[in-house]
Amino acid sequence: MNVHAPPPPPERRRIAVRLATPRGFCAGVDRAIQIVERAIEKYGAPVYVRHEIVHNRHVVERLKAMGAVFVKELDECPDDRPVVFSAHGVPKSVPATARSREMLFLDATCPLVSKVHVEAERHHAAGRHIILIGHAGHPEVIGTMGQLPDGAISLVETEADAERFERPGDQPLAYATQTTLSVDDTAGILKVLKRRFPELPDPHKEDICYATTNRQEAVKTLGQGCDLVLVVGSKNSSNSARLVEVAMRAGARDARLVDDASQVDWAWFEGVDAVGVTAGASAPEPLIAALVDAIAARFDAVVTEDAGARETVTFKLPRLLTA
């Protein structure tokens, strides 16, 4: 009897996998998710959440399974159940309505977004017209513009918008930015605005948040040294989408946004010797680990972690949840 040994498995192609640092959750996202979890623990299910607490499909689905009910507006919520406002912030009319209905509400707005709201109010009180650099329709932009009366803020999305903007009368000007923008795009828009309106003051601190800035800096390094960059994040996540753009500008041959490993098209890896992996600020670490595992299952993966900014920022939870 002839016994034939099975052929040896084909040799797997070696590939370098570089993990960006930092990546994934930021302090504001972590706080917002904890607020929903603690609210369910303290008050029981259901807890209503106005809009997605953060822009990540997996996070939202997990919280739904725990008892969170996601709604678009307060009129979908009963008066006798807690409601949480998302990390992106809300117009002033939303908590005002909740108070008038005597609802129990918890504000999960990122403190760095709240800082932009405070600055906008300060500029308005000083008689300045505010130019807001951001993306129309994004919940954060809607929330910021909703802090002030109609007409007090003008939205500028692009350098072309900045060229077209007209000062209302002789009002002095100020500006603010959405916290999740591309640092480089925002710098280009500001260059146009400051050329046209040299008196524009700087914000007290940079509005684009530390987490957005750090993740963009980290992905620039990936883009310079990787053929392909994979960004874990949902399509409606502004900061995640910006990471794809930044990677391409930095020199990556290709960059893709994926919710998780199941969305990877392995044809993207043809001719790829080095792949960079990062994640937007609303993407959980297990999704990143699962993506690296999926790559390692197909290739002889040599995984390294880039050096980068180490983040130690934390934000306190609302007193209602800690008392």
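The values are calculated or read from the model by the stated rules, or taken from the named source; none is laboratory data. The shown structure was predicted, so the numbers you read here are calculated from the model rather than taken from an experiment. Every residue, glycine as well, gets a Cβ built from its backbone with ideal geometry; the counts of neighbours run over all protein chains shown.
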Taking the range 116-142 and keeping residues under 19 Å from Leu190 (Cβ atoms), part of a loop (DSSP other than H, G, I, E, B) and either of a type outside the set (A, V, I, L, M) or touching a Lys or Arg at 6+ places or on another chain (Cβ under 8 Å) (or both) leaves Arg128, Gly134, His135, His138
Residues of the range 211-251 being among the aliphatic types (A, V, I, L, M) and not in a helix (DSSP H, G or I), in sequence order, are Leu228, Val229, Leu230, Val231, Val232
Only residues in the range 144-173 that are surrounded by 13 or more Cβ atoms within 10 Å (Cβ to Cβ) count as the first member; pair them with residues that are in a loop (DSSP other than H, G, I, E, B) and among the aromatic types (Phe, Trp, Tyr), Cβ under 8 angstrom, at least 6 apart or cross-chain, and list the lot. Ser154/Phe165; Val156/Phe165; Arg167/Phe197; Leu173/Phe197
Give the residue, chosen from Val84, Val59, that is of a type in the set (A, V, I, L, M, F, W, C) and in a strand (DSSP E or B). Val84
Name the pairs whose Cβ atoms lie under 6 Å apart, with the first residue in the range 84-98 and more than 24 Å from Lys64 (Cα to Cα), the second not in a loop (DSSP other than H, G, I, E, B), and 6 or more positions between them or separate chains? Pro91/Gly143; Thr97/Leu74
Find all pairs meeting these conditions: Cβ atoms under 8 angstrom apart; at least six residues apart or on different chains; first residue within the range 26-55 and buried (at least 19 other Cβ atoms within 10 Å of the Cβ); second residue of a type in the set (Asp, Glu) and not in a helix (DSSP H, G or I). Cys26/Glu311; Ala27/Glu311; Arg50/Glu73
Matching entry among Thr278, Thr213 (being at negative phi, at pLDDT below 95 and among the β-branched types (Val, Ile, Thr)): Thr213
Which of the residues belonging to the range 258-271 are surrounded by fewer than 20 Cβ atoms within 10 Å (Cβ to Cβ), within 20 Å of the chain's Cα centre (by Cα) and without any contact (Cβ under 8 Å) to a residue 40 or more places away in the chain? Ala261, Gln263
Inside the range 56-90, the number of residues satisfying the requirement of being surrounded by fewer than 17 Cβ atoms within 10 Å (Cβ to Cβ), under 22 Å from Gly137 (Cβ atoms) and under 25 Å from the mean Cα position of the chain (by Cα) is 3
When you go through Glu52, Glu102, Glu11, Glu41 one by one, which is the residue that is of a type in the set (Asp, Glu) and under 23 Å from the mean Cα position of the chain (by Cα)? Glu52
If you go through the range 272-290 one residue at a time, do you hit one that is touching a residue at least 40 places away in the same chain (Cβ under 8 Å), over 26 Å from Asn214 (Cα atoms) and small (Gly, Ala, Ser)? no
Of the conditions (1) without any contact (Cβ under 8 Å) to a residue 40 or more places away in the chain; (2) under 24 Å from Leu317 (Cβ atoms), Glu119 fails just one. Which one is it? (1)
Tell me yes or no: at least one residue of the range 204-221 is over 24 Å from Val258 (Cα atoms), without any contact (Cβ under 8 Å) to a residue 40 or more places away in the chain and surrounded by fewer than 22 Cβ atoms within 10 Å (Cβ to Cβ). yes
Residue count for the range 143-185, restricted to those that are outside any helix (DSSP H, G or I), touching a strand residue (DSSP E or B) at 6+ places or on another chain (Cβ under 8 Å) and of a type outside the set (Asp, Glu): 18
So which residues in the range 295-323 are touching a helix residue (DSSP H, G or I) at 6+ places or on another chain (Cβ under 7 Å), over 17 Å from Glu11 (Cα atoms) and either of a type in the set (Gly, Ala, Ser) or not in a loop (DSSP other than H, G, I, E, B) (or both)? Val303, Gly308, Ala309, Leu321
For the range 163-183, give me each residue that is within 15 Å of Arg195 (Cα to Cα) and under 24 Å from the mean Cα position of the chain (by Cα). Tyr175
